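Remarks on the structure that follows.
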Amino acid sequence: MQRILITGATGQIGSELTLALRKKYGGENVIAAGHTHQPDRELSESGPCCTLDVRDITALQSTVAEYRIDTIFHLASLLSAVAEAKPQLAWDININGLINVLETARIHHCAVFFPSSIGAFGPLTPAENTPQDTIQHPTTMYGITKVSGELLCDYYQHRFGVDTRGVRFPGLISWKTLPGGGTTDYAVHIFHAALKDGRYDCFLKPDTRLDMMYMPDAVKAAIELMETDSKQLIHRNGFNVTAMSFAPRDIAAEIKKHIPGFAISYTIDPVRQAIAESWPRHMDDSAARNEWGWKLEYDLPAMVKDMLEKLSNKFKIAKANGAEKN
Ligand code: SER
């Protein structure tokens with residue numbers, strides 16, 4: 001990895017992964033490509049940024065050629081709840097965008113990181129200790145695009161020798177950039193609401209348990225997998241990775257330890273509840289541990305403590321900046 005392109009760089013994962021890669025590989029060597037959102041100051045001042053719609057293969061290929069890219073982290077994608085509302089658009093972005101990236105990688109000899117998801121599983125999958133290789137059969141458009149994405153990446157690897165790699169991320173929790181329309185977003189919104197209002201109205205039932213991960217671990221997983229010697233890998237794409245497994249009532253109890261007056265209520269969104277119920281509760285990530293040394297750093301108590309610290313700091317800075325302007 002020397003010259004890196006990140007699609008979806010202004011999104012929830014991209015905004016943090018880009019900065020981590022720039023720190024490691026040099027700001028000028030990591031190109032942040034976004035589409036719907038403008039890069040924030042930190043992103044635009046730390047290295048090159050460009051606007052790119054992954055559905056435009058000509059623009060994608062000229063960006064890769066212009067910057068002499070050798071590795072693409074392809075993060076541009078619609079999340080589960082938005083994909084359910086706009087299934088045709090989700091197919092277009094998630095699948096046609098990926099094919100364009102894979103074709104570009106084949107022609108320009110790039111490696112590709114593709115984030116799959118717990119959404120690549122379905123109701124027929126064993127929900128506890130979900131094996132690495134098992135029944136997938138998702139029932140959402142998001143899941144269909146993710147399982148197809150894993151297969152396409154495997155296909156480009158064995159058919160054309162493209163170095164594709166990827167993980168199945170669980171719900172990702174971060175303080176920097178909000179997620180955009182996923183089923184696990186409640187686990188981010190709950191922190192904003194706890195700090196601002198002292199209460200949160202959750203759209204999933206109290207006992208809906210899902211795999212989750214704090215963003216620093218997700219960034220670490222993506223980078224470490226791409227840095228692994230390919231000879232070590234038996235699988236290539238769709239590695240199960242997880243850091244914790246909890247339900248809304250568990251995270252609420254953990255937040256209460258820091259904000260004793262915090263209260264949670266529940267108004268269920270049937271669409272997102274049904275999506276969550278079709279996903280695993282806890283994945284077995286031993287293949288990732290054994291093949292490339294995946295190891296978590298943040299469990300539930302460590303994540304909650306750090307999230308509350310970082311987010312309240314962010315709110316204080318925003319308030320101070322707002323006060324300065326007035
Ligand atoms: N966080 C994603 C979503 O909820 C799952 O990968 O859509």
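The values are calculated or read from the model by the stated rules, or taken from the named source; none is laboratory data. Every value quoted in this text rests on a predicted model; they were computed, and no experiment measured them. Neighbour counts run over all protein chains shown; Cβ positions are idealised from the backbone, glycine included. The accessibility values were calculated without ligands, DNA or RNA, using every heavy atom of the protein model including side chains. Shrake-Rupley method; radii C 1.70, N 1.55, O 1.52, S 1.80 Å.
Quick one: count up the residues across segment 203-222 that are in a strand (DSSP E or B) and touching a Lys or Arg at 6+ places or on another chain (Cβ under 8 Å).
2
Of everything in segment 68-86, what is closer than 15 Å to GLY166 by Cβ and either touching a Phe, Trp or Tyr at 6+ places or on another chain (Cβ under 8 Å) or assigned to a helix (DSSP H, G or I) (or both)? Give them in sequence order.
Once the filter is applied, which keeps residues that are closer than 15 Å to GLY166 by Cβ and either touching a Phe, Trp or Tyr at 6+ places or on another chain (Cβ under 8 Å) or assigned to a helix (DSSP H, G or I) (or both), segment 68-86 yields THR71, ILE72, PHE73, HIS74.
How about segment 149-194: which of its residues are away from the ligand (no atom under 15 Å from the Cβ), more than 29 Å from GLU291 (Cα to Cα) and aromatic (Phe, Trp, Tyr)?
Hits for segment 149-194 are TRP175, PHE191.
Let me confirm something: among ARG236, ARG249, which residue is of a type in the set (D, E, K, R), open to solvent by 20 Å² or more (accessible area, probe 1.4 Å) and either in a loop (DSSP other than H, G, I, E, B) or within 22 Å of GLU16 (Cβ to Cβ) (or both)?
ARG236
Considering segment 269-300 alone, what residues qualify as being more than 16 Å from the ligand (Cβ to nearest atom) and open to solvent by 60 Å² or more (accessible area, probe 1.4 Å)?
Residues satisfying the conditions are ARG289, ASN290, LYS295, GLU297, ASP299.
Please tell me if GLU16 is touching a Ser or Thr at 6+ places or on another chain (Cβ under 9 Å) and within 16 Å of the ligand (Cβ to nearest atom).
Judged against the criteria, GLU16 is a match.
Name the one entry in LEU124, LEU98, LEU102, LEU89 that is closer than 30 Å to MET283 by Cα and assigned to a loop (DSSP other than H, G, I, E, B).
From the options LEU124, LEU98, LEU102, LEU89, the qualifying one is LEU124.
Checking ALA59 against (1) hydrophobic (A, V, I, L, M, F, W, C); (2) assigned to a helix (DSSP H, G or I); (3) touching a Gly at 6+ places or on another chain (Cβ under 9 Å), which test does it fail?
(3)
Go through segment 99-137 and give me each residue that's open to solvent by less than 10 Å² (accessible area, probe 1.4 Å), closer than 16 Å to TYR155 by Cα and either away from the ligand (no atom under 16 Å from the Cβ) or aliphatic (A, V, I, L, M) (or both).
Hits for segment 99-137 are VAL101, LEU102, THR104, ALA105, CYS110, VAL112.
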